[in-house]
Amino acid sequence: MFLYGVLARVETSPERRALFEKLAREAASQAMIWEAEIRRSGSTPPAYRPSVRAHVVAGLVRVLGVERMRRVLAAMKVRGMSIFEPGPPTVGAGPEGQAQHPMPRQMADIREDIGRRHRSVAGAHGGTLRAAVFGVNDGLVSNASLIFGIAGATSDRHLIALSGVAGLLSGAFSMAAGEYVSMRSQREMFERQISVERDELARYPVEEAAELAVIYEARGLPRADAERVASTIISNPATALDTVAREELGLDPSELGSPWSAALSSFLAFAGGALLPLLPFILPFRAGPGGAAMGAMKVSIGLAGTALFGVGATISLFTGRRALWGGLRMLLIGGAAALATNLIGRLFGVQ
């Protein structure tokens, strides 16, 4: 109730303000149910006091606004955050002309909506490709800079190779561990939120339907239609949890992500990028003018430069920029980093 009141006072959009005011009333109604149950058990309900966390989040909302804090608010199980998510234009377009999630009007629409959400998993592969490209780029730039820095300090090919292998393994394991912890923590948070929703759907279906109707009404659906659609959704176990989690929390239970898969993909992407500038130093290489280390260095520079250009051109697929400019920009950035470490290596040397 406390946070909904703060959101209603901070929100500048009349439609969203009305949504949060209605959700505050729904929250108060649920609190009265809990209070009645506590009294029936013979106990005295404690006086409500917002937690320290609620006060801190409320202060941040006042400073940053509701939309910037929507992820934190969703984690605290504040309803209605899905209204800030962009979607295809519909008759229920939101405030300021913001496109909203298509509003279901009958059971066929609900089934189609759920099917579209499950089919959207295929679209997640675009996000996976994007993460893989950036993982390769991280490994390439960091290990190329390390190798060229060590090469600036010494001409010992074995020392350069050892440093490159250490950089590849340490970086890949670090990326994998970080991704695993991040994905695991996020998944546990989402699973807890969905579990709470599942319990509330079983115990208070009428109240959950009322909250869902408030959200649909805020998106442009007439009140009677919103109540009818919400009641239909809540009465169907096959769609209730999925829809409530998505509309109230902005989550899709089918797309929580796998920590192990994320860790493995991060490890392989980083290691793949880090391996390219290292290959000439670990594979048999015929010594040329300047020795084996100098020859391997030239090949490594060529491989790293080509890969940097390719990664930059690939990233342009996600940014919409020209591939040539994207490739040259990445080549310049990676080249500058490698040149800087090489000069530092030459400055200090190896005794």
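The values are calculated or read from the model by the stated rules, or taken from the named source; none is laboratory data. Values in this document were obtained by computation on a predicted structure and should not be read as measured data. Cβ atoms come from the backbone with ideal geometry, glycine included; neighbour counts cover every protein chain shown. Note: areas computed on protein heavy atoms with side chains; ligands, DNA, RNA excluded. Shrake-Rupley method; radii C 1.70, N 1.55, O 1.52, S 1.80 Å.
Worth a mention:
- Within segment 159-209, the percentage of alpha carbon pairs spaced more than 14 angstrom apart rounds to 69%.
- Expressed as a whole percent, the accessible area of segment 165-276 that falls on carbon and sulfur atoms is 61 (1.4 Å probe).
- Peptides ranked, highest mean first, by Cβ atoms within 10 Å: ranges 43-53, 157-167, 175-185, 132-142: 132-142, 157-167, 175-185, 43-53
- Most to least packed among 330-343, 267-280 [average Cβ atoms within 10 Å]: 267-280, 330-343
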